[in-house]
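Structure first, commentary second.
The values are calculated or read from the model by the stated rules, or taken from the named source; none is laboratory data. This one's a predicted model, so the numbers in the text were calculated from it and none came from an experiment. For neighbour counting, all protein chains shown are included, and Cβ atoms are generated from backbone atoms with ideal geometry for every residue, glycine included.
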Amino acid sequence: MIEQVRHLTARMGKNNSPTIESYRDDGGYETAMKALAMEPEEVIEVVKASGLRGRGGAGFPTGLKWTFLPKEREKTYLCVNADESEPGTFKDRLILDFDPHLLLEGILITCHALKSDHAFIYIRGEFCRPYRRLRDAVREAYDAGLFGDNVMGTGRTLHCTIHRGGGAYICGEETALLNSIEGKKGQPRIKPPFPTNHGLFGKSTVINNVETLANVPLILRDGAEEFRKYGTEKSPGTRLFGVSGHVNRPGVYEFPHGIRLIDLIEDACGGVRDGNALKAVIPGGSSVPILTADEARELILCFDACMAAGTMLGSAGVIVMDETTCMVKALDRLTHFYGHESCGQCTPCREGSGWIAEIVSKIASGSGTPADLDKLVDLGRQISGNTICVFSDAVSMPVTSFTTKFRSEFEDHVNGGVCVAKKTTAATA
Amino acid sequence: MAATERKKTFRFSEKREKEIAALRGRYEYPQGLIMPLLWMAQYDEGWVSPEAMETIAEICETSPAWVYSLATFYTMFELERPIRYQIQVCHNLSCSLNGSESILAHLEKKLGIRAGEATEDGRFRLSAVECLASCGSGPMMQVNTEYYEQLTPEKIDALLEEFGRD
């Protein structure tokens, strides 16, 4: 049995874990006290040395991102991306629900490092309980003098504002998120300028994911070297893997980067349900290229190994599919989603994702033709890279990988509508 | 626009006015308050009425059309009169792999409506929605603000009975 390494999840499952009393009982905010006595540059150096990489999807080195802020700047915002909406991803919700103060301590330390006096937390609108817990935690932190005009008695100001989204996947894209806070439709901006130069309200802005910031207090507490003891050289630290689909024990698991995907599935999650054979895995949220069972058995879960295997670790949302899964149907679920969520700003994406959704739905229903399949593959290639943001790539990657790796199933569907995976289960019925 | 002549029927409560005043300083442009105010209006009244949008536009120093463009871009704002039970079943991949379609079908049968419709008495609206980040506990649905996970037809029956009682 591979053992979970509980750093981020150390306090999960404790009574009253979301409260400030409970957090303080476990030594909470002591690290922030220590960090606030350090020079901001020192804090950045520790985070850089830890090698922490963003947990939202792109895996960009966090400390490096922070150094992109211009030296001379009028004002700095930290925006926390809690718009967790990537299908198959449900790990930030765990932190918001059960350890919101860990995030708030991360914000406190990060704002000190960035010399920021205002953090916005952008939380997806559907998250009602997480919102209530976070709101209560922010109130507790204000009452305890952790936020406000005299942070921890240092005389410094730091405000923390929660901004609720309204149900738009695209707001997880960082510049769409900024527009949404500004009271605009959540449509991504053209980059450059990058948010570190021209972000929220035109000011210097850093945007970090919830899990990323939750790592910051642990890194400052234990040191960069300790953080690096877990994970791989280029993907240091632990990771929250959200496993869903056809496994016996789905859920969020914390493991160091570098474990084998197959151990996560077979060992931690109790294997594929009903003794069925593994068919496919999406390792990093719905937007990353799917893997066949053979590829999945070889995969190491770290940023670079995933890239080398032609996929991405993304948000570490692992979706497992067994042999009863109809791959056309599975893609249909995803392309329907993308068709619905395109923000409509760029023509290739707005039109392309809509057409892709329609064609996949037609093929799944058994009325598609070989010409439809060709058109689908073609569209998948054409929209990628031709838009303001990476949403079009997020549509393109599943379309291209599903239709390439499970080509024969798509061909069967357009040549008479036979589905090889039709034999059972509610999931695919 | 005739709006200027029409008598406004929407006003935020005094308690809300105070909250709004406190939030003002947090946003560099008044337009930043649009989404928070849409949420407040919806929370207080169950939906966002055209009158509420006009009031919000005035507070945020923008046009009602701009507020409307946001209220329609973001799918969570209710622009029709409130429904007592808003039932939203996730039909994205992870839930689908665990049988969300039969859950949706069961609800359609029990409520006598199709996804996207409301019951005639206006008590229930059923929709199929996208991922709600509860992928490890599927199939799942959200009813108003609460999540209901690892659903079975039996669980649904018990819940509907519970909802029917108030």
remark   = Within segment A:366-397, residues being of a type in the set (Lys, Arg) and at positive phi number 0
note = Turns out the helices (runs of 4 or more DSSP H) fully within segment A:221-322 with at least 3 residues that are closer than 24 Å to residue A:52 by Cα and modelled with pLDDT of 95 or more are A:224-228, A:303-308
Sole exception among (1) closer than 30 Å to residue A:75 by Cα; (2) free of Cβ contacts under 8 Å to residues at least 12 places away in the same chain for residue A:226, by number = (1)
query = Name the pairs whose Cβ atoms lie under 6 Å apart, with the first residue in segment B:17-33 and within 21 Å of residue A:176 (Cβ to Cβ) and without any contact (Cβ under 8 Å) to a residue 40 or more places away in the chain, the second outside any helix (DSSP H, G or I) and not polar (S, T, N, Q), and 6 or more positions between them or separate chains?
reply = B:30/B:60; B:30/B:61; B:31/A:183; B:31/B:60; B:32/A:182; B:32/A:183; B:33/B:27; B:33/B:60
key: Selection count where residues are closer than 26 Å to residue B:35 by Cβ, polar (S, T, N, Q) and out of contact with any helix residue (DSSP H, G or I) (no Cβ under 8 Å at 6 or more places or on another chain), scope segment A:186-238   = 2
query = Of the residues in segment B:93-111, how many are charged (D, E, K, R) and facing chain A (nearest Cβ under 8 Å)?
reply = 1
message = Condition first: farther than 22 Å from residue B:75 by Cβ, more than 21 Å from the chain's Cα centre (by Cα) and of a type in the set (A, V, I, L, M). Now tell me which residues in segment A:328-366 satisfy that.
response = A:328, A:359, A:363, A:364
query = If you go through segment A:40-70, how many residues are crowded, with 19+ Cβ neighbours inside 10 Å and assigned to a strand (DSSP E or B)?
reply = 1
ask   = Restricting the search to segment A:240-259, which residues are within 18 Å of residue A:11 (Cα to Cα) and not hydroxyl-bearing (Ser, Thr, Tyr)?
value = A:240, A:241, A:242, A:251, A:252, A:254, A:255, A:256
task = May I ask you to list the residues in segment A:67-98 that are at the interface with chain B (Cβ under 10 Å from one of its Cβ atoms), over 15 Å from residue A:199 (Cβ atoms) and among the aromatic types (Phe, Trp, Tyr)?
result = A:90
key: Scan of segment A:248-303 for residues that are surrounded by 23 or more Cβ atoms within 10 Å (Cβ to Cβ), of a type outside the set (A, V, I, L, M) and within 14 Å of chain B (Cβ to nearest Cβ), ordered by number   = A:250, A:253, A:269, A:283, A:284, A:285, A:286, A:287
query = For the subset of segment B:114-152 comprising residues that are assigned to a loop (DSSP other than H, G, I, E, B) and at the interface with chain A (Cβ under 7 Å from one of its Cβ atoms), which member is surrounded by the fewest Cβ atoms within 10 Å (Cβ to Cβ)?
reply = B:145
key: Subset of segment B:153-162 (residues that are exposed (fewer than 14 other Cβ atoms within 10 Å of the Cβ) and either under 20 Å from the mean Cα position of the chain (by Cα) or of a type in the set (Asp, Glu) (or both))   = B:154, B:157, B:161, B:162
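With within 14 Å of chain A (Cβ to nearest Cβ), in contact with a Leu (Cβ under 6 Å, 6 or more places away or on another chain) and farther than 24 Å from residue B:131 by Cβ as the only criterion, which of B:90, B:60 stands out?
On the way: B:90 fails: farther than 24 Å from residue B:131 by Cβ.
Going through B:90, B:60 in turn, the sole match is B:60.
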remark   = From the option list A:218, A:213, single residue qualifying as more than 16 Å from the chain's Cα centre (by Cα) and either surrounded by fewer than 24 Cβ atoms within 10 Å (Cβ to Cβ) or away from chain B (no Cβ under 14 Å) (or both) is A:218
inquiry  = Going through A:167, A:186, A:125, A:202 one at a time, which residue ends up being touching a Cys at 6+ places or on another chain (Cβ under 7 Å) and within 11 Å of another protein chain (Cβ to nearest Cβ)?
reply    = A:186
